[in-house]
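Presented below is the structure to which this report refers.
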Amino acid sequence: MIEQKIRIEIHEESTLVTESFSLQIETGEANKFFRIAISTKDDRGRTFIASSDALADEHGTIKMQNDLMRLIESMKSKDGKERMFVKHSDAPVMFELELMDDDKVIAKATVTRTFLKDDIQKEVIEDKGLVGTVYYPHTYDPLPAIVVVGGSDGAHHESAAALLASKGYVVMALAYFGKAGLPKGIVNIPLEYVDHAFTYLKEKTIVDNERLAIIGHSRGSELALLYASSHSSLKAVVGVAPSAVQFSGIQNFQPVAKPAWTYNGDPLSYFAAKQTFSDMLSFFGHMIKRKPFSGLEAIERNLADKKQYEEHLIPVEKIDASVMLVAGTGDQVQPAVFFSELMEKKLQHHNKSKVRVVIQEGAGHFSAFPSHLPHLPQTLGDTNGAMTMLFGGTREANAEATINSWEETLTFLEESL
């Protein structure tokens, strides 16, 4: 085969990661199998890879679109361990493609997927008592404003905020712990901190102060829902992989007997899940045997007695805003479906009809916007030393859920704001 005959073409309407793209390869050889290999790096510099066979047609052409997206979503860490694909920054993702014939690389191409459109302005905030990044379109028209907060993984969702801004919103990716000038963990975080974020946004002339929303993932959903329950100025709130309960604080990724949140200087009550000797044996047993571990069973056991947690429920009945809750049935971190349905019943009981619950079959904890984004390698768990923590789902279910949740979020925001 003459290498010069090979041509790789990338077909895309947009470079944004939320849009799919296709691949066409002119191999010069008809009815022959080749191998397509793909690799990329996440924000932590870890390499993720995948490969699959592809058959050239009678014209020597290979065409891939849906298969290509599935290949990307199936990518795993090169070291063979279960790893979280971390993509929180707005820096582009570079996919390196290789066409192989009998283990020999015969052609290469690079595909760049972006989060930040050319017309989106970016503003980094590291003073005024705030740590965050604001994204907004270049326009003079008043736009809705949204604050996005992550969970206990410390995510600062710049990539998600940048994508939302491309849809006509002013969006702040807000950090509330784990950054310079902020608490080290989720301990005694004042709800007023979110007030500061909205005050900052409302001072911008392009922000419509009557159309405000907040989106939170996991522990960030607690913050979002608690804030919405005490601030009637919001028009919409989204809780992703949410909790209905105010859990205890977290320090160094471990629960501590301290409140996570405060309001008006007072600590908010919290539910402290009890860890039994059996729980500890299970954890260390999994570590010794190098088996993936999920703490879901222990949490569900703690929640079996309603009396233990009912006084620590988030007062969602006080929320005036429209509410959307997104949960996966395969979540191995917390019973997000149970929590979502519990809050839905509570809202409906108090005649709060503007609630939408999106249940994603088979999807895990990191499978919905903003915790994960479409057309990227999927996350089922993460390995730290000898221990692999399970987050849940399958790569196929999570991939479908990321696309669905992105579309559901856009629809909900458009209807609510």
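Brief remarks follow.
- Shape of the range 55-143 from the C-alpha gyration tensor: prolate (a/c of 1.5 or more and a/b above b/c, with a ≥ b ≥ c the square roots of its eigenvalues).
- Once the Cα atoms are used to define both axes, helix 395-416 deviates from the longest principal axis of the chain by about 60 degrees.
- Each Cα pair of the range 142-231 feeds into the Kirkwood radius, which the Stokes-Einstein equation turns, at 37 °C and 0.692 mPa s, into a diffusion coefficient of 248 µm²/s.
- In this structure, the amide hydrogen of F369, modeled 1.01 Å from its nitrogen in the peptide plane, lies closer than 5 angstrom to those of S405, W406, counting only residues at least 5 positions away or on a different chain.
- The angle between the Cα long axis of helix 336-349 and the main principal axis of the chain comes to about 50°, on a 0 to 90 degree scale.
- The range 165-284: C-alpha gyration tensor shape, a/c 1.5 cut-off, then a/b vs b/c: prolate
- Student exercise, the chain dipole from Lys, Arg, Asp, Glu Cβ charges, in Debye to nearest 20: 1200
- For the range 270-417, a Kirkwood hydrodynamic radius built from all Cα pairs, placed in the Stokes-Einstein relation at 10 °C and 1.306 mPa s, yields a translational diffusion coefficient of 94 µm²/s.
- Crossing angle, helix 192-202 versus the chain [Cα axis fit, 0-90 degrees, rounded to tens]: 60
- Each peptide in 12-21, 364-373 receives the mean, over its residues, of other Cβ atoms within 10 Å, and ordering these scores from highest gives 364-373, 12-21.
- Per-residue ³J(HN,Hα) for the range 96-110, Karplus 6.51 cos²θ - 1.76 cosθ + 1.60, θ = phi - 60°, Hz, x for Gly and Pro: 9, 9, 10, 9, 10, 10, 6, 6, 9, 6, 10, 6, 9, 7, 10
- In sequence order, calculated HN-Hα J values of the range 365-370 (Karplus, 6.51, -1.76, 1.60; Hz; x Gly/Pro): 6, 10, 9, 9, 4, x
- When each of K184/K345; K184/K274; K87/K108; K184/K354; K122/K258; K274/K354 is checked by Cα-Cα distance, pairs over 26 Å: K184/K345; K184/K354; K122/K258; K274/K354
- Tail beyond 36 Å, pair distance distribution of the chain (Cα, percent): 28
- Taking a ≥ b ≥ c as the square roots of the Cα gyration tensor eigenvalues, the range 1-52 comes out oblate, since a/c reaches at least 1.5 and a/b does not exceed b/c.
- Volume of the convex hull of the range 17-79 (Cα atoms only), normalised per residue: 86 Å³.
- Rg/Rh for the range 3-113 (Cα atoms only, Rh after Kirkwood) is 0.98.
- Amide H partners (placed H, <5 Å) of L143, local residues excluded: V207, D208
- Nonlocal amide H pairs with A107, under 5 Å, H built at 1.01 Å: L99
Since every read-out is calculated from the coordinates, none of them should be taken as a lab result. Only a predicted model underlies this, so the values are computations on that prediction, with no experimental measurement involved. A quick note on method: Cβ atoms are made from the backbone with ideal geometry, for glycine too, and the neighbour counts reach across all protein chains shown.
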